[in-house]
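What follows is a set of notes on a single structure, which appears directly below.
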Amino acid sequence: MERSLELLWSGRARGRRGPRPQLSVARIAEAAVRIADADGLEALSMQRIATELGYSTMALYKHIPSKDLLLEVAADVGAGRPPELDGGFRTAVRQWVGALWAGFLTRPWILRVPLDHTPVGPNQLAWLDRLLRPLLAAGLAGAEAR
């Protein structure tokens, strides 16, 4: 989980010193999303991403040390930012569910990304936060909103 948090929130693997590399976690994740969007999760590999970006596979592993972490980062980037919600809590929840469903229709591969813990990426937590706001504003206590 610590490695996931580090990659998802800092955008870099630990222990990186020296000049800022041109290859980044964000660039790798964006390429992974493009590949998964075009050809599905099965087509996603470090080698394919490296080829698309013009780097060696080992260069990618310096930034994202495993395919599991790659999938987790790609799922967070693929989820994108949640929409702004308006109206009463029922309207806001319906908007949230509609946007989430539209995202899964656009990127169904996200549902197949295996995770060994709850999602902790900035975009995925933003989605949860965006849902909790209208629920809490409607008067639900913290435990009831979960």
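Brief remarks follow.
- Residue in segment 50-61 that is crowded, with 17+ Cβ neighbours inside 10 Å, assigned to a helix (DSSP H, G or I), of a type in the set (F, W, Y) and at pLDDT 95 or above present: no
- Flag if A74 is touching an Asp or Glu at 6+ places or on another chain (Cβ under 8 Å), modelled with pLDDT of 95 or more and either within 18 Å of R112 (Cα to Cα) or not in a helix (DSSP H, G or I) (or both): no
- Considering the conditions (1) at pLDDT 95 or above; (2) surrounded by fewer than 17 Cβ atoms within 10 Å (Cβ to Cβ); (3) over 17 Å from Q22 (Cα atoms), G88 is excluded by exactly one of them, (1).
- Qualifying residue in segment 119-126 (condition: surrounded by fewer than 17 Cβ atoms within 10 Å (Cβ to Cβ), over 16 Å from L5 (Cα atoms) and at pLDDT below 95): no
- Positions within segment 21-32 being open to solvent by 10 Å² or more (accessible area, probe 1.4 Å) and either among the hydroxyl-bearing types (S, T, Y) or part of a helix (DSSP H, G or I) (or both), in sequence order: S24, A26, R27, E30
The values are calculated or read from the model by the stated rules, or taken from the named source; none is laboratory data. Not measured: the values here are computed from a predicted model. Note that each Cβ is placed from the backbone with ideal geometry, even for glycine, and that neighbours are counted across all protein chains shown. Surface areas here come from the heavy atoms of the whole protein model, side chains and all, with no ligands, DNA or RNA. Shrake-Rupley method; radii C 1.70, N 1.55, O 1.52, S 1.80 Å.
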